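I have placed the structure first, in the form of structure tokens, so that the comments after it can refer back to it.
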Amino acid sequence: MIYHDALSEILENVSKTTKNVNPKQLSEMTNMIENVESVFVMGLGRSGLVAKAFAMRLMHLGLNVYVVGETVTPAITDKDCLIAISGSGETSYIVSTIGIAKNIGSKIMAITSYSDSTLAKNADLIVELPGRTKIESENSYIRRQISGQHQTLSPLGTLFEVSALIFLDATIAQMMHDLGQTEKDLKARHTILE
């Protein structure tokens, strides 16, 4: 059944990707987030949904966090950081937005599959999450077979997006520990307007 094959592929990729995160990068990431005045997050499409989920958890930790593009997002300053989530690291809106933030003096963090992307090259900190993104695809069936590349069962950027979501949720657990917070603390900040 395709479902089981796809599930196995996704779980295997997520496990491999998230276990191989560089501990130094993780430490630098949490340190940056914990030591700025405000955190701004951004991503487009499904990566944007991952960014919003991460922003919600940062808010639960009691941090000042904003999602780029929302009407209530204030101006970014040189005391803030911008976390950009992009599998390809080449999304034009994200690249132009980090350029603006960088010119202001904000710290830039890239979460991407490509450490040589435009996003990564302009970031102060890169967290690399290898995974197939929507830009990867060899169109030639013959070339795929000769090189051992077979079509993945997970569409477009699924592997990056799922890995990013799980990585960022695990990062929240690390930050809970770092900041001495419990689930009770986070729950106290959870919305009650639902």
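The values are calculated or read from the model by the stated rules, or taken from the named source; none is laboratory data. Model, not experiment: these values are computed from the prediction. Cβ sites come from the backbone with ideal geometry, for glycine too, and all protein chains shown count toward neighbours. Remember, those area values only see protein heavy atoms, side chains included, never the ligands or the DNA or RNA. Shrake-Rupley method; radii C 1.70, N 1.55, O 1.52, S 1.80 Å.
Brief remarks on what is shown
- The residues on offer are Thr152, Thr97, Thr118, Thr133, and the sole one that is at pLDDT below 95, open to solvent by 10 Å² or more (accessible area, probe 1.4 Å) and not charged (D, E, K, R) is Thr152.
- Residues (in contact (Cβ under 8 Å) with a residue 40 or more places away in the chain, touching a strand residue (DSSP E or B) at 6+ places or on another chain (Cβ under 7 Å) and on the phi > 0 side of the Ramachandran plot) located in segment 61-99: none
- Pairs, first touching a residue at least 40 places away in the same chain (Cβ under 8 Å) in segment 33-44, second aromatic (Phe, Trp, Tyr) and open to solvent by 10 Å² or more (accessible area, probe 1.4 Å), C-beta under 9 Å, six or more apart: Ser38/Tyr66; Val39/Tyr66; Phe40/Tyr66; Val41/Tyr66; Met42/Tyr93; Leu44/Tyr93
- Residue that is nearest to Gly180 (Cα to Cα), among those in segment 54-71 that are assigned to a loop (DSSP other than H, G, I, E, B) and open to solvent by 70 Å² or more (accessible area, probe 1.4 Å): Asn64
- Here Ser47 qualifies as within 11 Å of the chain's Cα centre (by Cα) and not aliphatic (A, V, I, L, M).
- Cβ separations smaller than 8 Å between residues 6+ apart or across chains give the following pairs from segment 174-194 residues that are surrounded by 10 or more Cβ atoms within 10 Å (Cβ to Cβ) to residues that are of a type in the set (Ser, Thr, Tyr): Gln174/Thr30; Met175/Thr30; Met176/Thr182; Asp178/Thr30.
- Val14 over 13 Å from the mean Cα position of the chain (by Cα) and in a helix (DSSP H, G or I): yes
- Looking only at residues of segment 100-115 that are β-branched (Val, Ile, Thr) and out of contact with any strand residue (DSSP E or B) (no Cβ under 8 Å at 6 or more places or on another chain), we find that the one that is most open to solvent (accessible area, probe 1.4 Å) is Ile100.
- Output for segment 22-53, where each listed residue is in a helix (DSSP H, G or I) and of a type in the set (Ser, Thr, Tyr): Ser27, Thr30, Ser47
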